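Asker: Here's a structure for you.
The values are calculated or read from the model by the stated rules, or taken from the named source; none is laboratory data. Worth saying up front: this structure is predicted, and the values here are computed from it rather than measured. We place every Cβ from the backbone using ideal geometry, glycine too, and count neighbours over all the protein chains shown. Areas reflect the complete protein model, heavy atoms only, side chains present, ligands, DNA and RNA absent. Shrake-Rupley method; radii C 1.70, N 1.55, O 1.52, S 1.80 Å.
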Amino acid sequence: MDWVDLRSDTVTLPTPEMRVAMAEAEVGDDVYGEDPSINRLEEISAARMGKEAGLFVPSGTMGNLSAILAYCGRGDEFILGDLSHTFIFEAGGAAALGGVHPHTLENQTNGSLILEEIEDGIRPDDIHQPISRLLVLENTHNRCGGTALSVEYTRSAGDLAHQHGLKLHLDGARIFNAAIFLGVEVKELVDPADSVTFCLSKGLSAPVGSVLCGSDDFIRQARRIRKQLGGGMRQAGILAAAGIVALETMIDRLAEDHARAKLLAQGLSQIPGLVLDPGTPHTNMVFLSLGEEVPLSGTEVANKLKAQGVRVGVVSKNRFRLVTHHGIEDGDIEVAIGAFQEVMGGV
Ligand SMILES: *Cc1c(COP(=O)(O)O)cnc(C)c1O
């Protein structure tokens, strides 16, 4: 079946240009630092982020975990949002593998944490309490609707963290979506952060990988941790080659995904029984719920949509996430809206 798959931008497939680049990639042993394609990807990633160095990692999860473990020892604490990907969707890796204590603050609907709460959350020098080492922010914020944190907010949070001796790590899985939405250079957006992870394998459509960027010293440490986590790869330049094409060709087109998310939201907002989140979409995600009068659960609606060839993410009992990406054309948006009309009309 030719699905209209709106579950996630992780379902994107490598482009023909990526396939060619992968087939022709110059490779070597990256654990020896000898894979030219990986070295090049790390270099251009660092340059784009305005950081000294980069580290190719198999996943965003490993990128974030490597950063947390580089900054925090056992019993140390990191501050992060209660709806953040790192807190909810990374299998508790920081606690399980690093003994690092997560200190969650309530995420605001725009994905931010309240600065005063961050300041209050930083531990005093007291032997009873863990040592606060790190603040982690997410941009765009997945669970908060694909919302983008501004340059000004990121700067304020970074200043606050640094005043108290903490580092700032950005989970920038979709940082390019944020930069495009805000109309700013990604470099400017990540400048306040000591480190940033971004994903190649979501909207940028590469098959595998993320890149962690930061200072030379930090990346040296993170490289050791990546090895410790089993993420030292050999001729993975085959994967990095696709990542290079992703950075060179797939960033500007994210604006199309944002425009299609708007079209999708407009269409769905006309359908009785569907309640769109206020403000949705911000970037490439549409969040919506079923009205209380609808007698079906989210899963039941999703199954009916699937029978029409449309796949959506069910994120709670009656709530959906629909993500636009490289595989979704204007016609697919029409198909998706039509399928919802059909399913909701029969309710
Ligand atoms: C996808 C994602 C990650 C990393 O996920 P992996 O599946 O491990 O690559 C991290 N943070 C956010 C916000 C994400 O959406």
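Asker: Hey, among the residues in the stretch 74-108 that are more than 15 Å from the ligand (Cβ to nearest atom) and touching a residue at least 40 places away in the same chain (Cβ under 8 Å), which one's farthest from L182 (Cα to Cα)?
Answerer: Top of the filtered list is G75.
Asker: Follow-up. From (1) surrounded by fewer than 19 Cβ atoms within 10 Å (Cβ to Cβ); (2) farther than 30 Å from G298 by Cβ, pick out the condition that doesn't hold for F56.
Answerer: Among (1) surrounded by fewer than 19 Cβ atoms within 10 Å (Cβ to Cβ); (2) farther than 30 Å from G298 by Cβ, F56 violates only (1).
Asker: Scan (1) touching a helix residue (DSSP H, G or I) at 6+ places or on another chain (Cβ under 8 Å); (2) farther than 30 Å from L247 by Cα; (3) modelled with pLDDT of 95 or more for the single condition K317 breaks and write down its number.
Answerer: So K317 meets the others, but not (3).
Asker: In addition: Tally up the residues in the stretch 152-172 that are open to solvent by 20 Å² or more (accessible area, probe 1.4 Å) and either under 19 Å from the mean Cα position of the chain (by Cα) or of a type in the set (S, T, Y) (or both), please. If you could, list the steps in order and put the result at the bottom.
Answerer: In the first step, residues of the stretch 152-172 are kept if they are open to solvent by 20 Å² or more (accessible area, probe 1.4 Å); the result is 152-153, 155-156, 159, 162-165, 167.
Next, from what is left, pick out any that are either under 19 Å from the mean Cα position of the chain (by Cα) or of a type in the set (S, T, Y) (or both): 153, 156.
Summing the residues that are open to solvent by 20 Å² or more (accessible area, probe 1.4 Å) and either under 19 Å from the mean Cα position of the chain (by Cα) or of a type in the set (S, T, Y) (or both) in the stretch 152-172 gives 2.
Asker: Quick one: would you say G50 is within 16 Å of the ligand (Cβ to nearest atom), on the phi > 0 side of the Ramachandran plot and out of contact with any Leu (no Cβ under 9 Å at 6 or more places or on another chain)? Working first, answer last.
Answerer: Numbers: within 16 Å of the ligand (Cβ to nearest atom): no; on the phi > 0 side of the Ramachandran plot: yes; out of contact with any Leu (no Cβ under 9 Å at 6 or more places or on another chain): yes.
The answer is no for G50.
Asker: I'm trying to understand the selection: among the residues of the stretch 278-290, which are under 20 Å from the mean Cα position of the chain (by Cα), among the hydroxyl-bearing types (S, T, Y) and open to solvent by 10 Å² or more (accessible area, probe 1.4 Å)?
Answerer: Residue satisfying the conditions is T280 alone.
Asker: Sticking with this structure for a sec: Among the residues of the stretch 41-50, is any assigned to a loop (DSSP other than H, G, I, E, B), under 24 Å from the mean Cα position of the chain (by Cα) and at pLDDT 95 or above? Break it down into steps so the answer makes sense when it comes.
Answerer: Here is the first cut: in the stretch 41-50, the residues assigned to a loop (DSSP other than H, G, I, E, B) are 50.
Checking the rest, the ones that are also under 24 Å from the mean Cα position of the chain (by Cα) come to 50.
Subsequent filtering for residues that are at pLDDT 95 or above retains 50.
Yes, some residue in the stretch 41-50 is assigned to a loop (DSSP other than H, G, I, E, B), under 24 Å from the mean Cα position of the chain (by Cα) and at pLDDT 95 or above.
Asker: Hey, among the residues in the stretch 9-27 that are surrounded by 17 or more Cβ atoms within 10 Å (Cβ to Cβ) and assigned to a loop (DSSP other than H, G, I, E, B), which one's nearest to the ligand (Cβ to nearest atom)? Talk me through it step by step, then tell me what you get.
Answerer: Of the residues in the stretch 9-27, the ones surrounded by 17 or more Cβ atoms within 10 Å (Cβ to Cβ) are 9, 11-12, 14-15, 18, 21-22, 25, 27.
With the extra rule that they be assigned to a loop (DSSP other than H, G, I, E, B), the set shrinks to 12, 14-15, 25, 27.
Details: T12: 12, P14: 15, T15: 19, A25: 21, V27: 22 Å.
Restricting to residues being surrounded by 17 or more Cβ atoms within 10 Å (Cβ to Cβ) and assigned to a loop (DSSP other than H, G, I, E, B), the top hit is T12.
Asker: Now, a different point. In the stretch 88-188, which helices (runs of 4 or more DSSP H) lie fully inside it and hold 1 or more residues that are among the hydroxyl-bearing types (S, T, Y)? Before the answer, list the steps.
Answerer: On the way: elements: 93-98, 115-121, 151-163, 175-182.
Once the helices (runs of 4 or more DSSP H) in the stretch 88-188 are filtered for at least 1 residues that are among the hydroxyl-bearing types (S, T, Y), what remains is 151-163.
Asker: Take the conditions in contact with a Ser or Thr (Cβ under 8 Å, 6 or more places away or on another chain) and open to solvent by 20 Å² or more (accessible area, probe 1.4 Å) and apply them to K304. Does it pass? Talk me through it step by step, then tell me what you get.
Answerer: On the way: in contact with a Ser or Thr (Cβ under 8 Å, 6 or more places away or on another chain): no; open to solvent by 20 Å² or more (accessible area, probe 1.4 Å): yes.
So K304 fails the test.
Asker: Output yes when any residue across the stretch 333-347 is at negative phi, open to solvent by 20 Å² or more (accessible area, probe 1.4 Å), in contact (Cβ under 8 Å) with a residue 12 or more places away in the chain and under 25 Å from the mean Cα position of the chain (by Cα), and no when none is.
Answerer: Looking for residues that are at negative phi, open to solvent by 20 Å² or more (accessible area, probe 1.4 Å), in contact (Cβ under 8 Å) with a residue 12 or more places away in the chain and under 25 Å from the mean Cα position of the chain (by Cα), one finds none in the stretch 333-347, hence no.
Asker: Counting only residues that are over 13 Å from the mean Cα position of the chain (by Cα) and not aromatic (F, W, Y), which one in the stretch 62-73 is nearest to the ligand (Cβ to nearest atom)?
Answerer: Taking the stretch 62-73 as the starting set, the residues that turn out to be over 13 Å from the mean Cα position of the chain (by Cα) are 65-73.
Retained after the next criterion (residues that are not aromatic (F, W, Y)): 65-70, 72-73.
Details: L65: 9, S66: 12, A67: 11, I68: 12, L69: 15, A70: 17, C72: 18, G73: 23 Å.
Selected residue: L65.
Asker: Residues A259, A242: which one is within 29 Å of A67 (Cα to Cα) and out of contact with any Phe, Trp or Tyr (no Cβ under 6 Å at 6 or more places or on another chain)?
Answerer: Values: A259 fails: within 29 Å of A67 (Cα to Cα).
Only one candidate passes the filter, namely A242.
Asker: How many of the residues in the stretch 173-187 are open to solvent by 20 Å² or more (accessible area, probe 1.4 Å) and without any contact (Cβ under 8 Å) to a residue 40 or more places away in the chain?
Answerer: 4
Asker: A further question on this structure: Run down V196, V245, V275 and say which single residue is open to solvent by less than 40 Å² (accessible area, probe 1.4 Å) and either more than 21 Å from the chain's Cα centre (by Cα) or more than 16 Å from the ligand (Cβ to nearest atom) (or both). Let's see the steps before the verdict.
Answerer: Details: V196 fails: either more than 21 Å from the chain's Cα centre (by Cα) or more than 16 Å from the ligand (Cβ to nearest atom) (or both); V275 fails: open to solvent by less than 40 Å² (accessible area, probe 1.4 Å).
V245 is the lone residue from the list that is open to solvent by less than 40 Å² (accessible area, probe 1.4 Å) and either more than 21 Å from the chain's Cα centre (by Cα) or more than 16 Å from the ligand (Cβ to nearest atom) (or both).
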